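What follows is a set of notes on a single structure, which appears directly below.
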Amino acid sequence: MSIEQESLIAEYYDLKEKIAVYEQDMKDVMNHPNYCLPFIQPGRLVKIKHNGRTFDWGVVINYNKRIKPFVFFLSQSPNFQDQEAEFTPQESFIVDVAMWLDASAPIFKSGSRIKHNDLDGIKPGPSGINAKDGRMEVTPVTLSLVDSLSSVRIQLPKDLKTIEQRLDLRKTIEEVKRRFPDGLPPLDPVKNMGIKDESFKNLIKKIEVMESRLTANPLFHSPDLERIYAQYQQKVDLIGKIKTTKRAIQAANAVMQLDELKNRKRVLRRLGFTSPSDVIEMKGR
């Protein structure tokens with residue numbers, strides 16, 4: 001598969017991948033309860049990202065410590081044992097966020113209250129304030145799903161029980177976005193959140209270096225970047241599938257060879273050339 005300007009797009013792709021890894025490391029630190037909980041305040045505007053989908057700005061309503069469920073399992077002994085399920089620090093708290101969601105999600109047809117796992121089947125709502133296609137709903141999420149914390153806070157209404165009250169909240173967010181045409185200002189992790197760890201600061205520097213190399217790539221301002229990038233992504237995915245298939249074939253071959261070895265051992269035992277424990281007998285020497 002031939003790609004136009006492949007060496008340049010390969011470099012660009014690798015830089016994007018490394019930046020994504022570093023940014024995730026950075027978010028893991030920022031989303032640690034020690035740093036972010038003081039800023040998870042009612043009225044704070046936050047962005048949530050789940051399964052590669054980034055939702056529009058939502059509003060923090062409240063947060064609670066997550067209760068650890070007991071996991072029951074059967075050990076080697078006949079007695080049952082139980083252990084508490086372990087959560088990472090970022091998964092140890094549930095944040096209730098009023099989010100703009102796609103109104104066609106099946107959960108809304110059932111009339112059930114949205115639970116943490118329900119976000120898997122819900123897409124972000126459409127742009128604007130279309131009450132027919134979008135719904136403002138309070139959704140429980142973990143700290144690990146927080147993609148951005150804004151420095152902006154808004155006044156929450158006294159009640160959010162009705163759809164109309166929640167839609168008014170959506171209108172308030174849209175007005176805030178209108179006042180910040182260049183985007184809502186995020187909390188600075190060092191100046192605002194007080195993250196002084198040197199390794200975190202080094203992480204920020206690495207991202208800055210990678211981003212400068214990315215912008216210096218000749219393809220960065222090219223009108224063909226999106227098209228070439230999509231082609232290269234397709235090639236990378238194809239190579240990944242080929243490698244996966246090869247590993248599956250190798251594993252299958254290993255099983256076949258093992259079965260063949262077992263069959264050969266069985267024949268040797270039946271002929272009296274080996275003992276039941278596969279030790280060579282005198283007859284087989």
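The values are calculated or read from the model by the stated rules, or taken from the named source; none is laboratory data. Predicted model, so just to flag it, every value in this text is computed and none were measured. Cβ placement follows ideal geometry from the backbone for every residue including glycine, while neighbour counts extend to all protein chains displayed. With ligands, DNA and RNA removed, areas are computed over all heavy atoms of the protein, side chains included. Shrake-Rupley method; radii C 1.70, N 1.55, O 1.52, S 1.80 Å.
Annotations for the structure displayed:
- Selection of the range 188-202 for residues being hydrophobic (A, V, I, L, M, F, W, C) and under 15 Å from residue 23 (Cβ atoms) yields 195, 200.
- Whichever residue in the range 66-97 is surrounded by 10 or more Cβ atoms within 10 Å (Cβ to Cβ) and charged (D, E, K, R) and, among such residues, is modelled with the highest pLDDT: 96
- Failed item, numbered, when residue 247 is tested on (1) within 28 Å of the chain's Cα centre (by Cα); (2) at pLDDT 90 or above; (3) assigned to a helix (DSSP H, G or I): (2)
- Out of 123, 132, 109, 115, sole residue that is modelled with pLDDT under 90, open to solvent by 40 Å² or more (accessible area, probe 1.4 Å) and in contact with a strand residue (DSSP E or B) (Cβ under 9 Å, 6 or more places away or on another chain): 115
- Residues of the range 201-223 that turn out to be open to solvent by less than 60 Å² (accessible area, probe 1.4 Å), in contact (Cβ under 8 Å) with a residue 24 or more places away in the chain and either of a type in the set (S, T, N, Q) or farther than 30 Å from residue 191 by Cβ (or both), as a count: 2
- For the range 139-157, the count of residues that are of a type in the set (Lys, Arg), within 22 Å of residue 36 (Cβ to Cβ), touching a residue at least 24 places away in the same chain (Cβ under 8 Å) and not in a helix (DSSP H, G or I) is at least one.
- Which numbered condition residue 136 fails, given (1) under 16 Å from residue 56 (Cβ atoms); (2) assigned to a helix (DSSP H, G or I); (3) not β-branched (Val, Ile, Thr): (2)
- Pairs are defined by a Cβ separation below 8 Å, a sequence spacing of at least 6 or placement on different chains, a first member in the range 1-12 that is crowded, with 16+ Cβ neighbours inside 10 Å, and a second member that is of a type in the set (Asp, Glu); no pair meets this definition.
- Residue list for the range 224-244, restricted to those being under 25 Å from the mean Cα position of the chain (by Cα) and either open to solvent by 70 Å² or more (accessible area, probe 1.4 Å) or free of Cβ contacts under 8 Å to residues at least 12 places away in the same chain (or both): 226, 230, 234, 237, 238, 239, 240, 241, 242, 243, 244
- Selection from the range 157-193 of residues that are under 18 Å from residue 28 (Cα atoms), out of contact with any strand residue (DSSP E or B) (no Cβ under 6 Å at 6 or more places or on another chain) and open to solvent by 30 Å² or more (accessible area, probe 1.4 Å): 188, 190, 191, 192
- Every pair of residues 6+ apart whose Cβ atoms lie under 9 Å, when the first sits in the range 261-273 and is modelled with pLDDT under 75 while the second is open to solvent by 90 Å² or more (accessible area, probe 1.4 Å) and not in a helix (DSSP H, G or I): 268/280; 273/280; 273/285
- Scoring residue 196 on the criteria (1) in contact with a strand residue (DSSP E or B) (Cβ under 7 Å, 6 or more places away or on another chain); (2) open to solvent by 80 Å² or more (accessible area, probe 1.4 Å) leaves a single failure, condition (1).
- All positions within the range 108-117 that are closer than 20 Å to residue 145 by Cα, in a helix (DSSP H, G or I) and in contact (Cβ under 8 Å) with a residue 12 or more places away in the chain: 116
- Residue within the range 161-180 that is more than 23 Å from residue 101 (Cβ to Cβ), polar (S, T, N, Q) and assigned to a loop (DSSP other than H, G, I, E, B) present: no
- Only residues that are open to solvent by less than 40 Å² (accessible area, probe 1.4 Å) and in a strand (DSSP E or B) were counted across the range 36-60, and they come to 8.
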